[in-house]
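Remarks on the structure that follows.
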Amino acid sequence: LFAGPVTFVKGVVAMAGLPPADRVEVCFAGRSNVGKSSLINALTGRKTLARASNTPGRTQEINYFALGESRYLVDLPGYGYAEAPVAVVAKWQALLKQYLAGRQTLRRAFVLVDSRHGIKAVDAEILKLLDRSAVTFQAVLTKVDKINRAEREAVIEQVKGALAKHPAAYPEIVVTSSEKGEGIETLRAIIATLE
Ligand code: GDP
């Protein structure tokens, strides 16, 4: 689906370090432990690709992966770490704000939401930034294998309700399990067809 190999390009700590804006790109955001690395690995069919972005020191970087020749997948640092020093959080937020507002080739942000928790207060900051930057974002439920049918319906309703307040939200929610492979092909097709 993504023509060509999937490779790690670079970790970026400042706007000046971004690769040339010559490809369509999508970014992935979510609170720490939401299942972002697992999802990126499932999407790209590479078991260890996103592990680099979880190692200490890399966690505050914007990590670029090339999907073949024509697209970038951008892994934004996980948020909501209570232990992160205030200065680190401030620096990261400044970079994130500049990135979302200034990256012309960014076509969509995928905001990952744990199926067991739904959208929480910790997600408010990123949703506000996406609205302000007018970056279309789509919610992706993760770890759906951990909940039953009724819980699935309930969390979808909760997320739809929360998204209704956000002008930049794309109405369709993607339901995934990296463990079982559910929704992976759907998400891949969305990324592959964005122009
Ligand atoms: P990250 O911090 O957002 O990158 O999260 P990880 O991908 O490291 O996942 C956090 C934890 O959730 C790990 O223990 C994963 O094994 C687990 N996990 C991630 N995705 C799934 C999933 O689809 N199903 C289940 N059951 N567990 C998952």
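Here, each number is a calculation from the coordinates, and none is a lab measurement. Just so it is clear, the structure is predicted and the values come from calculations on it, not from any experiment. Counting neighbours? That spans all protein chains shown, and the Cβs are built from the backbone with ideal geometry, glycine included.
State which entries of 36/146; 10/165; 47/160 exceed 23 angstrom in Cα-Cα distance in the structure shown. Correct reply: 10/165; 47/160. For segment 81-181, the set of trypsin sites (Lys or Arg not before Pro) satisfying both a DSSP loop assignment and a count of at most 13 other C-beta atoms within 10 Å is given as 116, 120, 165, 180. As a proxy for reagent exposure, ranking 177, 38 by other Cβ atoms within 10 Å from fewest up yields 38, 177. Converting phi to 3J(HN,Hα) with the Karplus coefficients 6.51, -1.76 and 1.60 and the offset θ = phi - 60°, segment 179-195 yields 5, 9, x, 5, x, 5, 5, 4, 5, 4, 5, 4, 5, 5, 9, 5, 10 Hz in sequence order, with x at every glycine or proline.
Between beta-carbons, use under 12 Å as the cut-off and find the net charge around residue 125, counting Lys and Arg +1, Asp and Glu -1. Please report the intermediate quantities before stating the final value.
Numbers: positive: 31, 97, 120, 128, 132; negative: 123, 131.
After counting each charged neighbour, the total is +3.
Between residue 116 and residue 83, the FRET efficiency from the beta-carbon distance, with R0 = 22 Å, is close to 0.50. Scaled against the 2.2 N^0.38 Å expected of a compact globular protein of N residues, the Cα radius of gyration of segment 114-165 reads 1.19. Averaging 1/r over every pair of different alpha carbons in the chain and inverting the result gives a Kirkwood radius of 16.8 Å.
Within straight-line reach of residue 180, meaning a Cα separation under 14 Å, sit the following aspartates and glutamates at least 8 residues removed in sequence or on another chain: 145. If you take the square roots of the eigenvalues of the alpha-carbon gyration tensor of segment 73-120 and sort them as a ≥ b ≥ c, do you get rounded (a/c under 1.5), prolate (a/b over b/c) or oblate? Oblate is the answer for segment 73-120, as a/c is 1.5 or above yet b/c matches or exceeds a/b.
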